[in-house]
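Below is one structure; the comments refer to it alone.
We did not get these values from a lab; they are worked out from the coordinates using the rules stated. Just so it is clear, the model here is predicted, and its values are computed rather than measured. Every residue, glycine as well, gets a Cβ built from its backbone with ideal geometry; the counts of neighbours run over all protein chains shown.
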Amino acid sequence: MTAALLANLLYSGGFVLEKRALGRMPEVSVRRPARLLRQVLGSPLWIAGALALAAGFGAQLVVYRTLPIAAAQGIFVSGLVLLVLLSARLLQEETSGRERYALAAILAALLMVVLSLDEGSETVGRSAPYPLVLLVCVPSLAGGVWLYRSAERRAARRHRMPTAGVEYGVAVGLLYGVSSLAIKGVSGYLSASAPGQAVAGVLRSPYPYLLLLTGAFGLVMSQAALQRCRASLIVPVCTTVTSLYTAVLGSLSFGEALPNDPLRLALRLSGICLAVSVLLSMPKHDTPPRPHLGAKELTPP
């Protein structure tokens, strides 16, 4: 539990630091990844945020060794409240009433997933068949990249309302979902008695290569999206997609069975359906800011 709360703090702080750093940079673009890397690596504030996120991944490894996937994701999503508070305080981002209701519904949905757990019968999966992992992850990576490119094309159209970032959040969330499954896979090797045996097992698995792939694509895609959109919206969407993806597909891949009790099963399925429905109903565009009354032009009599 302590490691999960620490991961929440590190993730929220890391995203806010990166967002502040990106706000001081010229526009970054996924079409120029080398230029993007030069810009972000030249910012000490961004590097501090990246180090906080990396430390959050380390805390996540500890959590996956001790908790079932669904329980871990429920605790991770609770960090969204901290993120929204930090965004309002440090980034001066305002959330609409509809978005606050959506965030509350997402937290309620993940709480339902956590309540569906039975500590007496839940098992922590340690391994998954590699072909099954690749069957799940490869289409997800392709779908995330395709969705991101589609959002980029729509955003480039003239006279289009400003995007709220939901599509970007879903696309990056799919990539981070694959990354989360890879972290879960690596955590299964940490229980090996010999460190050399653990390292050899990790290198023979697809997990480090999935982490490298999602890390490279996720870095470029997430930074461009984070610069354009509000962190208080895009990060909750990304986190929810990642959590749902990991809780559902990760539990199945690593053999963590659904609850046997009908009430617990209903809670878990209802929580997943509620979170998906909230994502589908979130606003796709930001409302343009209203002009101040004092900015009206005076018309001659």
From the Cα gyration tensor of segment 1-72, with a ≥ b ≥ c the square roots of its eigenvalues, which class applies: rounded if a/c is under 1.5, or else prolate if a/b is larger than b/c, or else oblate?
prolate
Which of the peptides 175-186, 260-271 is most tightly packed, and how do the rest follow, judged by the mean count of other Cβ atoms within 10 Å per residue?
175-186, 260-271
Cα-centre dipole for segment 2-283 with unit charges at Cβ (Lys and Arg positive, Asp and Glu negative), debye to 20
1180 debye
Selection from V62, L86, A194 lying farthest towards where the dipole of segment 2-283 points positive, charges on Cβ:
L86
Note down the magnitude of the dipole of segment 137-265 about its Cα centre, charges +1 on Lys and Arg C-beta and -1 on Asp and Glu C-beta and zero elsewhere, to the nearest 20 debye.
660 debye
